[in-house]
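For reference, the structure discussed in these notes is given below.
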Amino acid sequence: MFEGLTGRLGDIFDKLRRRGALSEEDVSAALREVRIALLEADVALPVVKQFVNQVKERAVGQEVLRSITPGQQVIKIVHDNLVEMLGAGEEINLNAAAPVPVLMVGLQGSGKTTSTAKIALRLKTKERKKVLMASLDVRRPAAQEQLKVLGEQIGVATLPILMGQGPVDIAKRAMETGRLEGYDVVMLDTAGRLAIDEELMAEVAAVRDATRPVETLLVADAMTGQDAVTVATNFNDKVGITGIVLTRVDGDARGGAALSMRQITGKPIKLLGVGEKIDALEPFHPDRIAGRILGMGDVVSLVEKAVETIDQEEAEKLARKMEQGKGFDLDDMAAQFRQIRKMGGMGGLLGMLPGVGKIKDQLKDKKIDDSMLKRQEAIISSMTKKERKNPEIIKASRRKRIAAGSGTTVQEVNKVLKQFEDMRTMMKQVQKLGKKGLMRQGLGALMPRGLKGPFG
């Protein structure tokens, strides 16, 4: 998400930076381009107008135009206004007597049921809460069964299915079960429709009145652009939402929905669905999102993701090997690939690095994606244990066999071996850094040649 907008804004701000001094006309011209870029990214017109007017008011002051780095000052003002537009980041409110009801609403296909399970898993693992999930969708075939299966996958209880009950009765039974069995949170997954209608709203309102939820979270698909903003407005007007969960932000969404929703509804975006995996859910940090939009990256989130996902046992094992002088081998390299994939893949990591928008075309040429990592893992898996421990023995005939076994080419095998040599050289250089340095430098060596700066 935001890739197109990031590229457009990056070009606009590059022009500002190259000018030693800025006139009011320079700033106005740049903001006209910003306005077009925001509109093309599906940001709502009233939001664009307000944003541009606020930036202009602050950016044409004498303090900015006469500063030593006026271009940088204008960019900072744009950043600060983006943060204001996106609103304050807020966690799910659980400040109430248990069991806390959390009502999930939204259109069919928005990812509501999956988001219910993702939030339940997050509450279970990060907040140490005992969570009960209940599906109130009696219209869609197998909807209740879908939530049950997800519950089994993540180890979260679901309300037993009783055929013939309506949504309000199911919700009441869920709350009663929550009280009797000592649950901290009850997640209520309501039915959706393909479009908003009075019957849907009446059903959701009846459940709301029966359960008095502390949170009513709207699940909206970022890919639907301006339609997502319309859906949010309707649900807020007719049911009353307390926050938004934006899904599919890892897709090709232009990003306008995220920038418009908070401003138009006045309700915060609380969580972002960033992938299909059940743990692919992130809290919404406006300052970090603004940084990504402006090509500044999001190093804080990258570090947090690394801390959460890096296998400490693997890292310790590698560190001990290096300390004992046993050397880095292809098994260790494959382990590094697995760590990268656990952190969301190469594409997800690069999106958090500063300045990556500037080399987007270069990245395309190098085909940096998860399939690249999988192919490299396949190549290493096709080697014998002896070859992985002693890559020097892999000569021409062995390379042909490895290529055939992994469904790749000899050229690709050669690239993996060259990358391994680069990585091994780097590992020898950083033994003095100790355990922390080993993992950081290991990730750096995985970057294609010429793109190692952000890691190294």
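The values are calculated or read from the model by the stated rules, or taken from the named source; none is laboratory data. In this text, all values refer to a predicted model and were calculated from it rather than measured experimentally. Here the Cβ positions follow ideal geometry from the backbone for every residue, glycine too, while neighbour counts run over all protein chains shown.
Highlighted here are the helices (runs of 4 or more DSSP H) found entirely within segment 351-438 that include at least 2 residues which are of a type in the set (A, V, I, L, M), at pLDDT 55 or above and in the same structural domain as ILE340 (by TED's automatic domain parsing): 370-381, 396-406, 410-429. Residue pairs whose Cβ atoms lie under 6 Å apart, separated by 6 or more positions or on different chains, with the first residue in segment 102-121 and outside the structural domain of PRO167 (by TED's automatic domain parsing) and of a type in the set (Gly, Ala, Ser) and the second surrounded by fewer than 24 Cβ atoms within 10 Å (Cβ to Cβ) and at pLDDT below 95, do not occur. Comparison of THR114, THR125, THR177 shows that the only residue that is in a helix (DSSP H, G or I), surrounded by fewer than 15 Cβ atoms within 10 Å (Cβ to Cβ) and at negative phi is THR125. Restricting attention to segment 79-111, the residues that are part of a loop (DSSP other than H, G, I, E, B), crowded, with 17+ Cβ neighbours inside 10 Å, within 18 Å of the chain's Cα centre (by Cα) and of a type in the set (A, V, I, L, M) add up to 1.
Scanning segment 141-163 for residues that are closer than 16 Å to VAL131 by Cα and outside any loop (DSSP other than H, G, I, E, B) yields a total of 10.
Scanning segment 189-214 for residues that are of a type outside the set (Asp, Glu) and not in a loop (DSSP other than H, G, I, E, B) yields LEU200, MET201, ALA202, VAL204, ALA205, ALA206, VAL207, ARG208, ALA210, THR211. Across segment 139-150, the qualifying residues are those that are under 22 Å from ASP221 (Cα atoms) and either without any contact (Cβ under 8 Å) to a residue 12 or more places away in the chain or β-branched (Val, Ile, Thr) (or both), and the one among them that is surrounded by the most Cβ atoms within 10 Å (Cβ to Cβ) is ALA142.
In summary, GLN153 fulfils each of the numbered conditions (1) surrounded by 17 or more Cβ atoms within 10 Å (Cβ to Cβ); (2) at pLDDT 90 or above with the single exception of condition (1).
Within segment 217-233, restricting attention to residues that are closer than 16 Å to ARG262 by Cβ and without any contact (Cβ under 8 Å) to a residue 40 or more places away in the chain, the residue that is surrounded by the most Cβ atoms within 10 Å (Cβ to Cβ) is ALA228.
Of everything in segment 244-271 that is outside any loop (DSSP other than H, G, I, E, B) and surrounded by fewer than 23 Cβ atoms within 10 Å (Cβ to Cβ), the residue that is modelled with the highest pLDDT is LYS270.
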